[in-house]
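Working notes, structure below.
The values are calculated or read from the model by the stated rules, or taken from the named source; none is laboratory data. As the structure is a computational prediction, the values presented were derived from the model and not from experiment. In this analysis, Cβ positions are derived from the backbone assuming ideal geometry, glycine residues included, and neighbour counts consider all displayed protein chains. Note: accessible area is taken over every heavy atom of the protein model, side chains too, but ligands, DNA and RNA are not part of it. Shrake-Rupley method; radii C 1.70, N 1.55, O 1.52, S 1.80 Å.
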Amino acid sequence: MKTIQDAVVPKTDDWPRLRRAASRCRACPLWENATQTVFGEGPQTASIFLIGEQPGDREDREGKPFVGPAGKLLDRALADAGVDRDACYVTNAVKHFKNEPRGKRRLHKKPNQSEISACEPWWKAELALIRPRTLVCLGATAAHVVFERVVRVQKERGAFLVSPASERTLVTVHPSSLLRLPDSADRNREYGRFVDDLKLLRSD
Ligand code: URA
């Protein structure tokens, strides 16, 4: 039985110290199969705080969030929406890559509720430190932790909502969900909807 412990999060507004503490986190067993903790990244003055699910293979190797295919799509969508990437702090609900080794590949596995809960103090500490104007949930896992309830992304996307974590919370799809669409017409349409959601951040 793998144990889940309380994350030891220092009370600090020193971001590098927070990041260092997160790099040593052993609160859940996910660190064992991961290369490193992938902490959030972006200016501490960011007015927009984006939260995804967990790092992927590329993020795990590079130690930075959203640098793989989903991150490239996110960057393009932010640019197409006219949102300054430098106004954004980007992080994940879970800071280690959950995966299952399969030959030379590592298959992405969804984090379970206890792993998500174990990691919650980290994104909350980041949020408290950055104090953004707007919190953006990329996909259902992020929306679930932020709203503390199941969120139907397609129903609740595209409008500013009050969540327990922020007075101004936007829910939209996770960019990976667009990459998984097999049909290019669907992909283009859904990409346009994603950009439309992000356009709401232009005034932030
Ligand atoms: N998907 C995420 O949710 N986060 C990343 O950092 C990369 C892919």
Accessible area of the chain divided out per residue, in Å², using a probe of 1.4 angstrom: 51 Å²
In Hz, Karplus ³J(HN,Hα) per residue of segment 45-59 (6.51, -1.76, 1.60; θ = phi - 60°; x = Gly, Pro): 8, 4, 8, 10, 10, 9, 10, x, 8, 7, x, x, 4, 5, 5
Convex hull of Cα atoms in segment 86-204, direction-averaged projection (nm²): 8.8 nm²
Summed side-chain charge close to Leu179 - residues other than Leu179 whose Cβ falls under 11 Å, Lys, Arg +1, Asp, Glu -1: +2
In Hz, Karplus ³J(HN,Hα) per residue of segment 22-29 (6.51, -1.76, 1.60; θ = phi - 60°; x = Gly, Pro): 5, 5, 9, 5, 10, 5, 10, x
Förster radius 25 Å - calculated FRET efficiency between Glu100 and Val8 (Cβ-Cβ, nearest 0.05): 0.35
Gyration tensor verdict on segment 2-114 (Cα atoms; rounded if a/c is under 1.5, prolate if a/b is larger than b/c, oblate otherwise): oblate
Leading residue at positive end of dipole, the chain (Cβ point charges), from Thr91, Ala27, Leu201: Ala27
Apportionment of accessible area to carbon and sulfur, the chain, percent (1.4 Å): 49 percent
Size of charge dipole - the chain - debye, nearest 20, with Cβ of Lys, Arg +1 and Asp, Glu -1, no other charges: 480 debye
The chain, Rg to Rh (Cα coordinates; Rh as Kirkwood inverse mean 1/r): 0.95
Listed pairs Lys64/Lys104; Lys11/Lys72; Lys110/Lys199; Lys109/Lys199 exceeding 24 Å between Cα atoms: Lys11/Lys72; Lys110/Lys199; Lys109/Lys199
Proximal charge balance of Ala21 [Cβ under 14 Å; K/R count +1, D/E count -1]: +4
Arg202 accessible area, assembled protein chains, probe 1.4 Å, Å²: 140 Å²
Fraction of beta bridges assigned by DSSP in segment 78-204 that are antiparallel (%, nearest 5): 60 percent
Shape of segment 70-153, Cα gyration tensor, a/c cut at 1.5: oblate
Ellipsoid equivalent to segment 149-204 - semi-axes via the Cα gyration tensor, in Å: 23, 14, 8
